[in-house]
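Comments concern the structure below.
The values are calculated or read from the model by the stated rules, or taken from the named source; none is laboratory data. A quick note: this is a predicted structure, and the numbers were derived from the prediction, not measured. Please note: Cβ atoms are built from the backbone with ideal geometry, for glycine as well, and neighbour counts cover all protein chains shown. Quick note on the areas: whole protein, heavy atoms, side chains included, nothing else; ligands and nucleic acids left out. Shrake-Rupley method; radii C 1.70, N 1.55, O 1.52, S 1.80 Å.
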Amino acid sequence: MVIPAALALAQREKWTGDQLLRSIVGGYEMAVALGSAVRRSGTCNPHFRPSGIIGAFGAAAVGIVADPNMTADKAASALGLAANMAAGLNEWPWAGGQEINTHMGTASRSGISSFDLARAGMLSSKTILEGKDGLFQAYHCGSEGADYFREFIKESELGIGVMGVKFKPVAGCNLIQTPVAAALRLHAKVAGVSGQIERISIVTTTVAKEYPGCDSLGPFDKVQQTKMSLQYGVSAALLYGRINEHAYRQYDNADLERLVQRCIILTSSEFDEELTRGRQPCQLKIQMQDGTMYQDSMPDVPWLGSQAVEERFRQEASSGLYDATTVESLLDECHSVGSRPDCSRLFELIASRRT
Ligand SMILES: *[C@@H]1O[C@H](CO)[C@@H](O)[C@H](O)[C@H]1NC(C)=O
């Protein structure tokens, strides 16, 4: 939600590369402050998508940070207006709708509108977060959320938001990452004999089991559903040994369907405890028809490091979007944009995508 808003404003306002980078840091900071506060109590209404609740708020911060004429009052109004523009429901993991993709765009656009309205002099409620009918109450996050937000702003070091960003190893829900990673490690054991799997036990956190779309046996006919389902992700990883767009689209594969129906999801209070410390452990147990058991445990998601993220970018960007030379130029420009007097070279490269 933050980076698209930052790129759009950088282009419109002719920002320097330094302004662009600062705006991204500021956007992440506010999105993480609100996101952590919203998740704090564990009671936040799960019908609303977290990215939708926090997105416009983060995107409004983008403009605030880079605008040399910004005042504290105008900044508060921009954020307050953005808090009113929280949107995005969690029906899509069940029904497979593509609105998951519009949530982010809507948030970016709303953040920019909030920033523009505040800059033009429109005022918002200063108690929009903690008030009687403010955001924390509206989304059922309780007063704990407001306290946590206040503390975060006062005490955290600047940059903690963007530096805490983690990168998922597979496309799909955050909550399926460790189970899928463990299943990929167990693939070698069951390759060729997956027809003899009797039971697949996925031990995970209560949050993962209860999150919309995660505990789902299908039927599936959209990637929005398969990318959320613990059962689908684990079964596909065991069967194919890799998870890519192709693996997410095997809606009618009988072998896969058989495995999905043999999955059971269990939760562990120890894992729930670990989740409060930011880790997402998982244990996977596979029982074969002859009684053999295979199991694997992982303490957390094997998050990607910066090299792996660049590698992923190379793969995705060069598969149809850009030629290999442009991909390298884009990476170079991202590394050096901070010292550029404007962002025109970056936009030129982005716009050169194949049509
Ligand atoms: C900031 O204010 C000055 C003085 O009013 C004005 O000239 C300038 O265009 C403003 N800059 C932006 C980015 O709005």
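Report, ordered by the first and then the second residue, all pairs with beta carbons closer than 6 Å, sequence separation of six or more or different chains, a first member in segment 114-125 that is within 16 Å of the ligand (Cβ to nearest atom), and a second member that is at pLDDT 95 or above and of a type in the set (D, E, K, R).
If the second residue must be at pLDDT 95 or above and of a type in the set (D, E, K, R), the pairs left are 118/74.
Taking the criterion of being loosely packed, with under 13 Cβ neighbours inside 10 Å and closer than 25 Å to residue 165 by Cα, would at least one residue in segment 321-328 satisfy it?
Checking segment 321-328: not a single residue is loosely packed, with under 13 Cβ neighbours inside 10 Å and closer than 25 Å to residue 165 by Cα.
Which condition number in (1) open to solvent by 10 Å² or more (accessible area, probe 1.4 Å); (2) assigned to a helix (DSSP H, G or I) is the one that residue 60 fails?
It is condition (1) that residue 60 fails.
Looking for whichever is within 19 Å of residue 213 (Cβ to Cβ) and modelled with pLDDT of 90 or more here; the options are 102, 16, 71, 106. Which one fits?
Checking each option against the conditions leaves just 102.
Just a yes or no: is a residue in segment 22-39 within 16 Å of the ligand (Cβ to nearest atom), open to solvent by 40 Å² or more (accessible area, probe 1.4 Å) and in contact with a Ser or Thr (Cβ under 9 Å, 6 or more places away or on another chain)? Walk me through how you get there before you give the answer.
Initial filter on segment 22-39 (within 16 Å of the ligand (Cβ to nearest atom)): 22-23, 26.
Now narrow it down to the ones that are open to solvent by 40 Å² or more (accessible area, probe 1.4 Å): 22.
Restricting the remaining residues to those that are in contact with a Ser or Thr (Cβ under 9 Å, 6 or more places away or on another chain) gives none.
No, the conditions are met nowhere in segment 22-39.
Considering every residue within segment 272-282, establish whether at least one is open to solvent by less than 70 Å² (accessible area, probe 1.4 Å) and assigned to a strand (DSSP E or B).
Yes, because at least one residue in segment 272-282 is open to solvent by less than 70 Å² (accessible area, probe 1.4 Å) and assigned to a strand (DSSP E or B).
Kindly indicate whether residue 235 is under 24 Å from the mean Cα position of the chain (by Cα) and open to solvent by 70 Å² or more (accessible area, probe 1.4 Å).
no
Of everything in segment 85-95, what is crowded, with 18+ Cβ neighbours inside 10 Å and either within 16 Å of the ligand (Cβ to nearest atom) or not hydrophobic (A, V, I, L, M, F, W, C) (or both)? Give them in sequence order.
Those that are crowded, with 18+ Cβ neighbours inside 10 Å and either within 16 Å of the ligand (Cβ to nearest atom) or not hydrophobic (A, V, I, L, M, F, W, C) (or both): 88, 90, 93.
So that you can scan it fast, the table gives a plain yes or no per residue for (1) under 20 Å from residue 167 (Cα atoms); (2) hydroxyl-bearing (Ser, Thr, Tyr); (3) touching a residue at least 12 places away in the same chain (Cβ under 8 Å):
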| residue | (1), (2), (3) |
| --- | --- |
| 235 | no, yes, yes |
| 245 | yes, no, yes |
| 248 | yes, yes, yes |
| 252 | no, no, no |
| 275 | yes, no, yes |
| 283 | no, no, yes |
| 300 | yes, no, yes |
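For segment 63-84, which positions are more than 16 Å from the ligand (Cβ to nearest atom) and in contact with a Gly (Cβ under 8 Å, 6 or more places away or on another chain)?
82, 83
Can you pull out the residues in segment 216-228 that are assigned to a loop (DSSP other than H, G, I, E, B) and in contact (Cβ under 8 Å) with a residue 60 or more places away in the chain?
Within segment 216-228, 216, 220, 221, 222, 228 meet the criteria.
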